[in-house]
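Read the structure below first, then the notes.
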Amino acid sequence: MAANRRFLLVRRPDGTPVPDDFRLETVETPPLAPGQFLLRNHYVSLDPAIRGWMDDAPSYLPPIALGDPVRATTIGRIAETTHPDYPVGAWASGLNGIEDYSVCQAGGFTTLVDETAVPSITNYLSSVGAIGVTAYFALLDLGKPQPGETVLVSGAAGAVGSLVGQIAKAKGCRTIGIAGGAEKCARLTADYGYDVAIDYRGKSREALAEEIRAAAPEGIDIQFENVGGEILDAGLLALKPKGRVILCGLISQYNSEPQPAYNLWQLIVQGATMHGFILTHYIPRMAEAIPELAAWTRDGTIRIDEHIDEGIENALPAFLRLFDGSNRGKMILKIAD
Ligand SMILES: NC(=O)c1ccc[n+]([C@@H]2O[C@H](COP(=O)([O-])OP(=O)(O)OC[C@H]3O[C@@H](n4cnc5c(N)ncnc54)[C@H](OP(=O)(O)O)[C@@H]3O)[C@@H](O)[C@H]2O)c1
């Protein structure tokens, strides 16, 4: 038995989460049932989707129950086991909770991970995990980018967006990234190979639309949407005939009311399509993407930046970085050495 600190959801947030929505408790780890193993979590993936799981609303996963640890993908070493395929000391990952120790069983999202296949074990939470697989399938399977096409990406300096830009570039596309602030926009071109960077901050929907049209005078073939709201609307006005809009995320409205999309009529006049992407539909195909993403991560074809904050007590401020834009790469919380 070991002391297990757990970051619990105790109240459903109203808008941006606040400290009173959570409680850090310490309990002892329970004994294992046959077939289970105990994972000592070292790193926690902080993802915008967690905000949706805090609401009592229909979604692709059930809401986090009040009093349960905040659900998150974690990676750690097996500390105890009753499962022959999950030996003590091995690295494993799964959809667990923000807690020191998680009781796990085989199946679902749980998997052993090979630390020798990647430069850093944390890559399994970034370019070789859900983030990489999302960028890979949402762009390649739904967007079907062709050489010479123009791809517009919002949230372009973030974890998913930075990978989408680089994969699109590797497929021979011209890439336009939208991000907040001069420093992030400089990184779009210098670090992630974007051809054009657009800073959305302080701009009206009309001014943003004008800037996108100037950057893509012949129009946008693929609009990869991570943000929604006015940014989505501005991009729709630049769609080419038969353009494809990939809805990957709408982070601008996760802490607020949904925003209207005024320019949906562009889908009609351009004969364009809009396609929602959800990673859970691609779990059976993860094995197609992971080896290629691992190879690209190893050989530098893709650059992945990881923003690692430390300490379970910092779970909330670290999570909120995703919404104020102060994360510089895939947001990860380190909770053990
Ligand atoms: N569909 C799926 O299966 C799936 C899977 C993974 C992720 N996603 C989605 O992908 C998107 C990116 O996730 P990520 O994990 O890679 O996070 P991230 O992009 O690394 O971090 C979030 C970024 O969003 C931007 N942002 C936050 N609030 C904003 C607002 N109100 N307006 C404009 N930009 C805002 C900020 O960048 P700026 O500083 O540039 O504003 C922030 O850094 C999210 O929408 C997420 O839900 C979807």
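Every number in this text was worked out from the coordinates using simple rules, so none of it is lab data. Just so it is clear, the structure is predicted and the values come from calculations on it, not from any experiment. Cβ atoms come from the backbone with ideal geometry, glycine included; neighbour counts cover every protein chain shown.
Relative to the globular-protein estimate of 2.2 N^0.38 Å, the Cα radius of gyration of the chain stands at 1.01. Rounded to the nearest 500, the helix-only mean residue ellipticity at 222 nm of the chain stands at -7000 deg cm²/dmol, with each DSSP H run of n ≥ 4 adding -39,500 (n - 2.57). Largest mean-square fluctuation among R11, R201, R23, in a Gaussian network model of the chain whose springs join Cα atoms under 10 Å apart, belongs to R201. The distance separating the Cα centre of the stretch 223-267 from that of the stretch 98-118 comes to 35 Å. Binning the C-alpha pair distances of the stretch 211-298 at 10 Å intervals from 0 yields a P(r) profile of 16, 38, 28, 18, 0 %, listed from the shortest bin outward.
State the dimensionless ratio Rg/Rh of the stretch 80-233 (Rg: radius of gyration of Cα atoms; Rh: Kirkwood radius). Before the final figure, lay out the partial values.
Working: Rg = 19.1 Å, Rh = 17.4 Å.
My calculation of the ratio gives 1.10.
A simple count of charges around A3, restricted to other residues whose Cβ falls under 10 Å of its Cβ and scoring Lys, Arg +1 and Asp, Glu -1, yields -1. Summary value for the stretch 130-280: 21 percent relative contact order, contacts being C-alpha pairs under 8 angstrom separated by 6+ residues.
Within 10 Å, count the other beta carbons around each residue, average over each peptide in 213-225, 31-43, and list them highest first.
On the way: 213-225: 20.5, 31-43: 18.4.
Ranked by mean Cβ neighbours within 10 Å, highest first: 213-225, 31-43.
Trypsin sites (Lys or Arg not before Pro) within the stretch 274-317: which are DSSP loop residues with at most 16 other Cβ atoms inside 10 Å?
Working: sites: R285, R298, R303; in loops: R303.
Sites meeting the loop and neighbour criteria: R303.
Once you divide the Cα radius of gyration of the stretch 1-159 by 2.2 N^0.38 Å, the number left is 1.17. Over the Cα atoms of the stretch 4-93, the radius of gyration divided by the Kirkwood radius equals 1.02; this is the Rg/Rh ratio.
Which order do the peptides 102-109, 165-172 take when ranked by the mean count of other beta-carbon atoms within 10 Å per residue, highest first?
Details: 102-109: 16.5, 165-172: 20.9.
Averaged packing, sorted descending, gives the order 165-172, 102-109.
For the stretch 261-322, the percent of C-alpha pairs falling in each 10 Å distance bin, counted from 0 to the bin holding the largest distance, reads 15, 19, 31, 28, 6, 0.
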